[in-house]
Amino acid sequence: MLTIKVGAELPLVGTLTIHETTQSILNTIKTLHQNNNSLVAGLILLFSVIVPVIKAILLMIVLFFKKNKHRLSIYKFVAFIGKWSMADVFVVGVLLAFMATSSEDNIEALLHGGFYYFLAYCIISMIAIQVMDIDDLLDRSPSKV
């Protein structure tokens, strides 16, 4: 998701890389768990991976299976768990880290494709919730109400 390089410009030597790290969400979770921060790793896994995946699957069920009699219940559940998803907060955090580090002279930050996929998920899921028609979910047309 994000690569950060810390380096220095030295006369006669040129650019010297002091530290370089590339992180993904799963890498971060693994590192936190290995460093005895299992609670934080578990929370990030739950709210930044598991909840968004469940939300995306349920949204696809609501959108594509019009005959499903549980569409309204699923929609309400998705709206509820959407409040607990930290995907959008995580995207903002990564973007802030990118902007903060890339503004330094000796630090280089590079966003990878995973960030853009994660961002696209956040935008698409927010739009999907907003454009769903409650009358369609209730299986009635506006003229019958």
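Where a number appears in this text, it was derived from the coordinates with a stated rule and is not lab data. Nothing here was measured: the structure is a model prediction, and the numbers come from that model. Backbone-built Cβ (ideal geometry, glycine too); neighbour counts: all protein chains shown.
Worth a mention:
- Here the extension length gained between Leu26 and Ile124 equals 33.1 nm, from 0.36 nm per residue of separation less the Cα-Cα distance.
- Long-range HN-HN contacts of His112 with modeled amide H, under 5 Å: Leu2, Thr3
- Calculated diffusion of the stretch 35-118, Stokes-Einstein form, Kirkwood radius summed over Cα pairs, 20 °C and 1.002 mPa s, µm²/s: 142
- The order of Ile57, Ile44, Ile74, going from fewest to most other C-beta atoms within 10 Å of their C-beta, is Ile57, Ile74, Ile44.
- Dipole magnitude (debye, nearest 20) for the stretch 1-101, charges at Cβ of Lys, Arg, Asp, Glu: 920
- Mean separation of Cα pairs under 8 Å and 6 or more residues apart, divided by the residue count, gives the stretch 1-48 a relative contact order of 29 percent.
- Ordered by the number of other Cβ atoms lying within 10 Å of each residue's own Cβ, fewest first, Lys67, Lys5 fall into the sequence Lys67, Lys5.
- Using a cutoff of 8 angstrom between alpha carbon atoms and counting only pairs six or more residues apart, the relative contact order for the chain works out to 29 percent.
- Straight-line cross-link partners of Lys55 among the lysines, defined as a Cα under 28 Å from its Cα and at least 8 positions apart when in the same chain: Lys30, Lys66, Lys67, Lys69, Lys76, Lys83.
- The stretch between His112 and Ile18 holds 31.8 nm of extra length on full extension. This uses 0.36 nm per residue minus the Cα-Cα distance.
- Positive-end residue of Ile74, Gly14, Phe90, charge dipole of the chain with Cβ unit charges: Ile74
- In this simple spin-label approximation, Ala100 and Lys67 carry label points 7 Å from Cα along the Cα→Cβ vector, and these lie 5.3 nm apart.
- Going by neighbour counts of Cβ atoms within 10 Å, the residues Ser125, Ser48 line up, fewest first, as Ser125, Ser48.
- Between Asn37 and Phe77, the modelled label-to-label distance comes to 3.2 nm, taking each label 7 Å out from Cα in the direction of the beta carbon.
- For the stretch 17-24, 3J(HN,Hα) computed residue by residue from phi via the Karplus equation (6.51, -1.76, 1.60; θ = phi - 60°) reads 8, 8, 8, 9, 9, 10, 10, 10 Hz, glycine and proline entered as x.
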